[in-house]
1. Tell me the mean residue ellipticity at 222 nm calculated for the chain from its helices only (DSSP H runs of n ≥ 4, each -39500 (n - 2.57), averaged over every residue, nearest 500).
2. Just to check I understand the Karplus step: with θ = phi - 60° and J = 6.51 cos²θ - 1.76 cosθ + 1.60, what whole-Hz values come out for the stretch 23-31, glycine and proline as x?
3. Quick one: grab the alpha carbon gyration tensor of the stretch 26-66, order the square roots of its eigenvalues as a ≥ b ≥ c, and give me rounded if a/c is under 1.5, else prolate or oblate depending on whether a/b is larger than b/c.
4. Amide H neighbours of F10 under 5 Å, counting only residues 5+ apart in sequence or on other chains, H built in-plane at 1.01 Å?
5. Would you work out which of S68, N24, L56 lies farthest towards the positive end of the dipole of the stretch 2-87, given +1 charges on the beta-carbon of Lys and Arg and -1 on that of Asp and Glu, about the Cα centre?
6. Nearest 0.05, what FRET efficiency do A65 and N24 give at R0 = 22 Å with Cβ-Cβ as r?
7. Compute, for the chain, the length of the dipole vector about the Cα centre, with Cβ point charges of +1 (Lys, Arg) and -1 (Asp, Glu) only. Units Debye, rounded to 20.
8. Mind listing the long-range amide H neighbours of Y34? Cut-off is under 5 Å, sequence gap 5 or more, other chains count too, H placed in the peptide plane at 1.01 Å from N.
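The numbers here are math on the coordinates, done by the rules we state, and not lab data. The model shown is predicted, which means the values in this text are computed figures rather than measured ones. Here the Cβ positions follow ideal geometry from the backbone for every residue, glycine too, while neighbour counts run over all protein chains shown.
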Amino acid sequence: MLKDGRLFYFKTWEDYGSGGKATNLKEPIEMHRYEARILDSDGPNRFDLVPTDNPLERKWELQAATPSDMADWLDVLQQTRAAALARHGLTEGRSHEAPVLRN
């Protein structure tokens, strides 16, 4: 689930549907710090969330049900990242540095 520039995940679809708590509720994936990419695929419809600041941070490996779902996820994750960067006063490639001041 995407909310306010953060990605939350659940153990099962039922947990999400019943209003259960996200597994990573206390430490959501901050989308201004990750970029959605298709890397060397280990399977169909697989993509990754790659850290943009620290290459030693966790890389998230995700898989969609269909190619169309994957395209939709990539699109919405990229839009969410751009909005999150803007909300933090950051530009692409500067997600963890000091904000860029504008006059």
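1. Values: 2 runs with 26 residues, N = 103.
Estimated from H runs of four or more residues: -8000 deg cm²/dmol.
2. These are the phi-based 3J(HN,Hα) values: 4, 9, 4, 7, 9, x, 7, 7, 5 Hz.
3. Prolate, because a/c is 1.5 or more and a/b exceeds b/c.
4. Correct list: T23.
5. Looking along the dipole axis, the top candidate is N24.
6. 0.55
7. Working: 14 positive and 17 negative charges, 82 e Å.
Here the chain has a charge dipole of around 400 debye.
8. Residues meeting the amide H criterion: T52.
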